[in-house]
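One structure below.
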Amino acid sequence: MITVTAELWLWSGGSWHFVTVPAGEGDEIRAHSLLNRGGFGSVKVEATINGVSWRTSVFPQKLGGYLLPVKKEVRRRAGIAAGDEITVELELL
């Protein structure tokens, strides 16, 4: 289980919301991805924020770390918005 506390941010080009998993926390994801990598280097995870869980993928960044997309329904159910500092738990699948 990987736990990250970070800001939920809005991509400047639209309505996509993300949490950045820093490079240090991303080391375990990177090691897992060597065996279980999907398209674009993505890695499947089960994410949980404020008791709301869903299956998705995290995507590698060029400078290290990963991006976790957080869809509208999850944000609504978890009671979070862009700019909030949140804690997310990631289970690698």
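Any read-out appearing in this document is the output of simple, stated calculations on the displayed coordinates, not a laboratory observation. Being a predicted model, the structure only gives us computed values, none of them experimental. Note that we place each Cβ from the backbone using ideal geometry, even for glycine, and neighbour counts take in every protein chain shown.
Can you compute the modelled spin-label distance between Glu7 and Leu93, with each label point 7 Å from Cα toward Cβ, in nm?
3.0
Stick to the Cα atoms of the chain, pair each with every other, and give me the Kirkwood hydrodynamic radius in Å at one decimal.
Computed over the chain, the radius equals 13.2 Å.
Select from Glu46, Glu73, Glu28 the residue whose mean-square fluctuation is largest in a Gaussian network model of the chain (Cα-Cα springs shorter than 10 Å).
Checking each option, the largest mean-square fluctuation is seen for Glu73.
Within straight cross-link reach of Lys71, meaning Cα distance under 20 Å, which aspartates and glutamates are found once same-chain residues fewer than 8 apart are removed?
Those aspartates and glutamates meeting the cut-off are Glu7, Glu46, Asp84, Glu85, Glu89, Glu91.
Rounded to the nearest 0.05, what FRET efficiency do His32 and Leu63 have when you use their Cβ-Cβ distance and R0 = 25 Å?
E between His32 and Leu63, to the nearest 0.05, is 0.80.
Can you give the relative contact order of the chain as a percent, counting alpha carbon pairs under 8 Å and 6+ residues apart?
41
Alpha carbon centre of the stretch 77-92 versus the stretch 9-24: separation in Å?
Spelled out, the Cα-based centre of one part sits 11 Å from the other.
Going Cα to Cα from Lys62, which lysines come in below 22 Å? Please leave out same-chain ones fewer than 8 positions away.
Lys44
Quick one: net charge around Tyr66, please, counting Lys, Arg +1 and Asp, Glu -1 for every other residue with C-beta under 11 Å from its C-beta.
Taking every other residue near Tyr66 into account, the sum is -2.
Could you give the angle, 0 to 90 degrees to the nearest 10, between helix 23-36's Cα long axis and the longest principal axis of the Cα atoms of the chain?
Roughly 60 degrees between the two axes.
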